[in-house]
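**Q** Below: one structure in structure tokens.
The values are calculated or read from the model by the stated rules, or taken from the named source; none is laboratory data. Computed from a predicted model, the values in this text were never measured in an experiment. All Cβ positions, even for glycine, are placed from backbone atoms using ideal geometry, and neighbour counts span all protein chains on display. Surface areas here come from the heavy atoms of the whole protein model, side chains and all, with no ligands, DNA or RNA. Shrake-Rupley method; radii C 1.70, N 1.55, O 1.52, S 1.80 Å.
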Amino acid sequence: MKKVITRIGFFTLILSMFASAQPVLADGGVIGTPPEKPDPTKPSPQYSGCAGQIVPANNSEYEERVIDLVNQERKSRGLTPLVRSAGLTNAARYQAADMSQDNYFSHATKDRENGELVIVCDPWERIAHYYSGANGENAAAGYFSPEVVMNDWMNSGAHRANILNPDTRAIGVGFYQNYWIQDFGTQIDSPITPTLGLLPENLLFMYSIPDRKLYPPQQHFTPANVGSSEQLSWQVTKSGSFFSVSPGSGTTPTQIRVTPDNFNHNQANTYTGSVTINVTDPSSVAGSPHTVQIKLIVLNESITQVFLPGIHK
């Protein structure tokens, strides 16, 4: 049985595996201009073969948001929330990256040989390199936000069935340059544990006395849970009186703003301090507490901002 979901400018795929049936593939369904073949003069893609490689996250916040939306849908129907699986996450990230780099759209994993696409393994072979017990996969391309892609998946009966399957216990989401993969499974292999991340080590400010100007006026960073889909509650403590931090507490992914606003604007000096982000709920989160060093240099000279022209070979 083949099911194709199409949308102007976007396209999606559905893959389901049932106890009494073989997996159903739905390739194609593209409306618009098909992907062009890659330029043979460009370097070979980083990912090839039937998976096994670990692909770094392209946008972990997008992946986490999709899982959050999936569990919202399941919770509203009284279903058990899904646990983020390390194996399924790696399998999904590989397929999303491989599709993007080889310019194709399919559940099957493919390589280009002499400019032509060749299937190297089916989806179940790919996922088996990372995880045992897969029972479904959703795929999409061309979507620019988790909310939009989830909306279309939920408006497709087959995709929605994968998301709301009562037998499913685990999920992995891969995002790579607007290619999206959801992989589902029946086994909780190794849950991805909550981890505080996406935080800088240092923030540097400079103030010019002649210019009467602060560079930059303020800086922002956004604590995130890079290990699981769980929301983290955090509090901020600071050392140093020459700057302010707002807000003093929040939940991921709330943005934190640092602004130097209490220093001598007429005397050259160097100020140092720090901001520490500590997760309060849940307890014992990896990466917490995290301290960001803050430095402000007050200069008795003008600051000139220059750019070199772009070059190409």
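**Q** Report the calculated FRET efficiency for Ile54 and Gln187 (r = Cβ-Cβ distance, R0 = 25 Å), to the nearest 0.05.
**A** With a Förster radius of 25 Å, E is 0.80.
**Q** Another question, if that's okay. At a probe radius of 1.4 Å, what is the per-residue accessible area of Asp98, in Å² to the nearest 10?
**A** Surface accessible to solvent at Asp98 totals approximately 0 Å².
**Q** R0 = 41 Å: FRET efficiency of Trp124 with Thr251, Cβ-based, nearest 0.05?
**A** About 0.65, to the nearest 0.05.
**Q** Taking R0 as 35 Å, what FRET efficiency do you get between Ala268 and Glu201 from their Cβ-Cβ distance, rounded to the nearest 0.05? Walk me through the intermediate numbers first.
**A** Details: r = 25 Å, r/R0 = 0.73.
Once rounded, the FRET efficiency stands at 0.85.
**Q** Next up: Given the protein chains as shown and a 1.4 Å probe, how many square angstrom of Arg169 are accessible, to the nearest 10?
**A** Spelled out: Arg169, probe radius 1.4 Å, area about 90 Å².
**Q** Could you give the radius of gyration (one decimal) and Dmax (whole number) of the Cα atoms in the stretch 74-165, in Å?
**A** 14.6, 51
**Q** So, one more: Name the shape class, rounded, prolate or oblate, that the alpha-carbon gyration tensor gives for the stretch 209-292, where a ≥ b ≥ c are the square roots of its eigenvalues, rounded holds for a/c under 1.5, and otherwise prolate holds if a/b is larger than b/c and oblate otherwise.
**A** Cα axes put the stretch 209-292 in the prolate bin.
**Q** Same structure again: As a test of the definition: which semi-axes, in Å, follow for the stretch 169-313 when you take the square root of five times each eigenvalue of its alpha carbon gyration tensor? Largest first, please.
**A** Ellipsoid semi-axes (Å, largest first): 38, 22, 10.
**Q** Hey, what did the stretch 103-247 get for relative contact order, percent, Cα under 8 Å, at least 6 apart?
**A** Result for the stretch 103-247 is 17 percent.
**Q** If you don't mind, another one. Amide H neighbours of Lys110 under 5 Å, at least 5 residues apart or on other chains, H built in the peptide plane: list them.
**A** Val120
**Q** Describe numerically, in nm with one decimal, the distance between label points set 7 Å from Cα along Cα→Cβ at Thr80 and at Leu164.
**A** The two pseudo-label positions are separated by 1.9 nm.
**Q** How large is ³J(HN,Hα) for each residue in the stretch 265-279, as worked out from phi by the Karplus curve 6.51 cos²θ - 1.76 cosθ + 1.60 (θ = phi - 60°), to whole Hz, x for Gly and Pro?
**A** 7, 10, 9, 4, 6, 10, 10, 10, x, 7, 10, 10, 9, 10, 6
**Q** Something else: What list of ³J(HN,Hα) couplings, whole Hz, do you get for the stretch 230-238 from phi and the Karplus terms 6.51, -1.76, 1.60, once you set θ to phi - 60° and write x for glycine and proline?
**A** Per residue, the Karplus-derived 3J(HN,Hα) values read 6, 6, 9, 9, 9, 10, 10, 10, 10 Hz.
**Q** Hey, another quick one. Relative contact order for the stretch 95-170 using alpha-carbon pairs under 8 Å, separation at least 6, rounded to a whole percent? The partial results should precede the final answer.
**A** Numbers: 53 pairs, mean separation 13.1, N = 76.
Reported as a whole number, the value is 17 percent.
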